[in-house]
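First comes the structure, then the notes that go with it.
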Amino acid sequence: MSEQARRRAPRPGTGKAPRPHRRPKKDPVRILAFEVLRAVDERDAYANLVLPPMLKKAREQEGPEKFDGRDAALATELVYGTLRRQGTYDAIISACVDRPLREVDPPVLDVLSLGAHQLLGTRIPSHAAVSATVELARVVLGDGRAKFVNAVLRKIAQDDFETWVERVAPPYDEDAEEHLAVVHSHPRWVVSALWDALGGGRAGIETLLEADNERPEVTLVARPGRTTTEELAAAAETEPGRWSPYALRLSEGGEPGAIEAVRDGRAGVQDEGSQLVAIALANAPLDGPDTRWLDGCAGPGGKAALLAALAAERGAALLASEKQPHRARLVERALAGNPGPYQVIAADGTRPPWGEGVFDRVLMDVPCSGLGALRRRPEARWRRRPSDLDGFAPLQRGLLTEALRAVRVGGVVGYATCSPHLAETRVVVDDVLKKVGGAELIDARPLLPGVPELGDGPDVQLWPHVHGTDAMYLALIRRTA
């Protein structure tokens, strides 16, 4: 069970709320936001998977509960804002209640968190934030617990966010990591890991943690040979991507699903960092034939679709392999209509059905902690544990080892993760290279032309606060013997 789930686990013996004296006013926006938070807590769901279908259903309803664009925007802000600042809000709520947070019923804590975000993280007037949240409590919790919510929120409303943070966070000089953890709403161990990956310095880590709490842009990819950035730009309000020639940034409020090229798979939603990983592997220099490519961890299919399109331009074929059958079906959907040859299979990359030395290019975007995508999945920061890295380590090493066996001499392997944690990036690469032999790192930086601040190489670490991308890591390895 996750830390978030344990903290909010229901206590035995909780009585039913008393019957309300009047019918509370239902607020569809806040009720929807509350239901998403409950799904995140109770089922370990991800908000980015739960929220869109709920918003779609709300838009399709008839009558007063039908959502418009402003309603959807507010619900989205309430959900993601609350999840991103959960750690800070927990510390503030804890200072306003007379019991440990683990003794506060999980649904009550979700309502309090929604209220805290409206009070401290939005421009909603304090009286309106308190009133609307108390009404929500009356609907979903009952009158008795609504009174508790009202009392706590009135305490929170007495000060602004900066004043509260100064009160509940330890001074930086006394405990720097805990200070940053509370102020920027990250678990302490994540702060420590990101700080190590950055290489020290207060300014850098604070800017990174702030970037993790910002709403990420929606980036589109125009899959080569199937559509162009010009076509996408004509279909929606966009801005050019920063680094990828196939990227466009969708203007705020834009709906990817409203674009025909996205609906039919000629384009997709894909972070620019992920695009750069696929492009760099595709453009890495190699000697000899260049006709057989492999994506060894292809699900859910974004990088595979771009690789397949790039391969088709050169007359190469892509084999996309994914261990989980349901994710392999997502890959098939992403690649459907690719202009060149491809195949999708369900296979374990650590026990592959293919032979040794049969591919010219191999991508292994391995399962990882996902610490590089906390902007998109803010709840993940509360679910992960340092011990999770021990579980990923053998898998990551096994997948990279098999990738190096699968590539021919002179071919190139791209090892990628959506995590900057050193235990998932350089440590894995160094360990496998020492063990396998007959392989060498090649400099990935020239293959990301125009992208600044790529470090000393030869591998590459992208950062949200520097590049505006997820924190993707890439090492390119050439097989030499």
Give me a count of the residues in segment 405-443 that are touching a Pro at 6+ places or on another chain (Cβ under 7 Å) and surrounded by fewer than 23 Cβ atoms within 10 Å (Cβ to Cβ).
-> 3
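Report, by residue number, each residue of segment 57-115 that is more than 27 Å from the chain's Cα centre (by Cα), open to solvent by 40 Å² or more (accessible area, probe 1.4 Å) and hydrophobic (A, V, I, L, M, F, W, C).
In the first step, residues of segment 57-115 are kept if they are more than 27 Å from the chain's Cα centre (by Cα); the result is 60-66, 94-100, 103-105.
Retained after the next criterion (residues that are open to solvent by 40 Å² or more (accessible area, probe 1.4 Å)): 60-66, 94-95, 98-100, 103.
Residue satisfying the conditions is ALA95 alone.
Out of all the residues in segment 419-471, which are under 21 Å from ARG405 (Cα atoms) and among the basic types (Lys, Arg)?
ARG426, LYS434, LYS435
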What residue, of ASP173, ASP196, is part of a helix (DSSP H, G or I) and either over 21 Å from ARG84 (Cβ atoms) or among the aliphatic types (A, V, I, L, M) (or both)?
-> ASP196
Among all residue pairs at least 6 apart or on different chains, which show Cβ distances below 8 Å where the first residue, located in segment 336-360, is open to solvent by 80 Å² or more (accessible area, probe 1.4 Å) and the second is among the β-branched types (Val, Ile, Thr) and assigned to a strand (DSSP E or B)?
-> PRO353/ILE345
Give me the pairs: first residue in segment 422-450 and more than 15 Å from LEU395 (Cα to Cα) and at pLDDT 95 or above, second residue assigned to a helix (DSSP H, G or I) and open to solvent by 40 Å² or more (accessible area, probe 1.4 Å), beta-carbon distance under 7 Å, and six or more apart or on different chains, which are they?
-> LEU422/ASP196; LEU447/ASN283
If we ask which residues in segment 444-473 are of a type in the set (S, T, N, Q) and surrounded by fewer than 20 Cβ atoms within 10 Å (Cβ to Cβ), their number turns out to be 0
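So, in segment 120-177, exactly how many residues are of a type in the set (Lys, Arg) and closer than 16 Å to ASP110 by Cβ?
2
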Are any of the residues in segment 211-230 farther than 17 Å from HIS467 by Cα and among the small types (Gly, Ala, Ser)?
-> yes
Taking segment 150-175 and keeping only residues that are aromatic (Phe, Trp, Tyr) and either in contact with a Pro (Cβ under 8 Å, 6 or more places away or on another chain) or in contact (Cβ under 8 Å) with a residue 40 or more places away in the chain (or both), one is left with PHE161, TRP164
Please work out which residue is surrounded by the fewest Cβ atoms within 10 Å (Cβ to Cβ), limiting yourself to segment 205-254 and to residues that are assigned to a helix (DSSP H, G or I) and among the hydroxyl-bearing types (Ser, Thr, Tyr).
-> THR207
Does ASP360 satisfy the condition of being over 22 Å from the mean Cα position of the chain (by Cα) and of a type in the set (Asp, Glu)?
-> yes
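Any idea which of GLY315, GLY301, GLY265 is out of contact with any Ser or Thr (no Cβ under 8 Å at 6 or more places or on another chain) and either open to solvent by 10 Å² or more (accessible area, probe 1.4 Å) or of a type in the set (S, T, N, Q) (or both)?
GLY265
The values are calculated or read from the model by the stated rules, or taken from the named source; none is laboratory data. Fair warning: this is a prediction, and the values are worked out from it, not measured in the lab. Using ideal geometry, Cβ is built from the backbone for each residue, glycine included, and neighbour counts are taken over all protein chains shown. Heads up: the accessible areas ignore ligands, DNA and RNA and are worked out on the full protein's heavy atoms, side chains in. Shrake-Rupley method; radii C 1.70, N 1.55, O 1.52, S 1.80 Å.
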